[in-house]
Amino acid sequence: MRRAARLLNRVQCLLRSPLLRSARIIACFFYNTHTAERIDIVYRRGDQYISDALAKLDFFLRDHRTGDVRHFDPRLYDILSDLTFSIGHPDGEIDIVCGYRTPSTNESLRAHSTGVARNSLHIQAEAIDLRMPGVDTFKLRQAALALRRGGVGYYPHSDFIHVDTGRVRQWCFDYPSSLTTGD
Ligand SMILES: [Zn+2]
């Protein structure tokens, strides 16, 4: 069954073109680095989001510290789908470093580490931190910036990028600004 599912996914990926968006089936293929769970699910057919699939993704992206679930902005999955397509890995697995955060989890992270925003869009379920196995994270970040579809943060020391559905903006955490200007 697993091989059949992957084959189906590959066929779906052939349809992943912005020109074919109105007709295509779009899937998410995620691995959660905290829970070691995996999800491979069609969340959209054409212009229609699939509510059952979105609910499963909401649970998958729950705050792993508290178990709290919040409904995610599905446009985030569209951004990630276009991101994997743009870097030439349309069927590539995305490692999820962080999905939803409760306000209390966000405050706890702020207290114990740097680079965590007070009003993080993770609290609104509008942001995901991620990396892709086999893909250079800097190149992933450049591709995300090129989409111009929301915020993109780069965390080179932790080797992940942040993507959200907020306004188009970018930042780098603890990285020489001379290497990141001009884009
Ligand atoms: Zn983030």
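The values are calculated or read from the model by the stated rules, or taken from the named source; none is laboratory data. Model, not experiment: these values are computed from the prediction. With ideal geometry, Cβ positions are generated from the backbone for all residues, glycine too; neighbour counts draw on all protein chains shown.
Being part of a loop (DSSP other than H, G, I, E, B), at negative phi and either at pLDDT 95 or above or in contact with an Asp or Glu (Cβ under 6 Å, 6 or more places away or on another chain) (or both) is the requirement here; does His89 meet it? So His89 fails the test. So, in the stretch 93-118, how many residues would count as being at pLDDT 95 or above and part of a loop (DSSP other than H, G, I, E, B)? Number satisfying all stated conditions: 5.
Is there a residue being within 16 Å of the ligand (Cβ to nearest atom), under 20 Å from Arg149 (Cα atoms) and out of contact with any Leu (no Cβ under 6 Å at 6 or more places or on another chain) anywhere in the stretch 98-107? Before the answer, list the steps.
Our first condition is that a residue be within 16 Å of the ligand (Cβ to nearest atom); within the stretch 98-107, this holds for 98-103, 105-107.
Next cut, under 20 Å from Arg149 (Cα atoms) only: 98-100.
In the following step, the residues that additionally are out of contact with any Leu (no Cβ under 6 Å at 6 or more places or on another chain) were identified as 98.
Within the stretch 98-107, one or more residues are within 16 Å of the ligand (Cβ to nearest atom), under 20 Å from Arg149 (Cα atoms) and out of contact with any Leu (no Cβ under 6 Å at 6 or more places or on another chain).
Residues in the stretch 20-48 that are crowded, with 16+ Cβ neighbours inside 10 Å, outside any loop (DSSP other than H, G, I, E, B) and in contact with a helix residue (DSSP H, G or I) (Cβ under 9 Å, 6 or more places away or on another chain): Ile25, Ile26, Ala27, Cys28, Phe29, Phe30, Asn32, Ile39, Asp40, Ile41, Tyr43, Arg44. Check the stretch 78-86 and report whether any residue there is part of a loop (DSSP other than H, G, I, E, B) and farther than 15 Å from Tyr31 by Cα. Scanning the stretch 78-86 turns up no residue that is part of a loop (DSSP other than H, G, I, E, B) and farther than 15 Å from Tyr31 by Cα.
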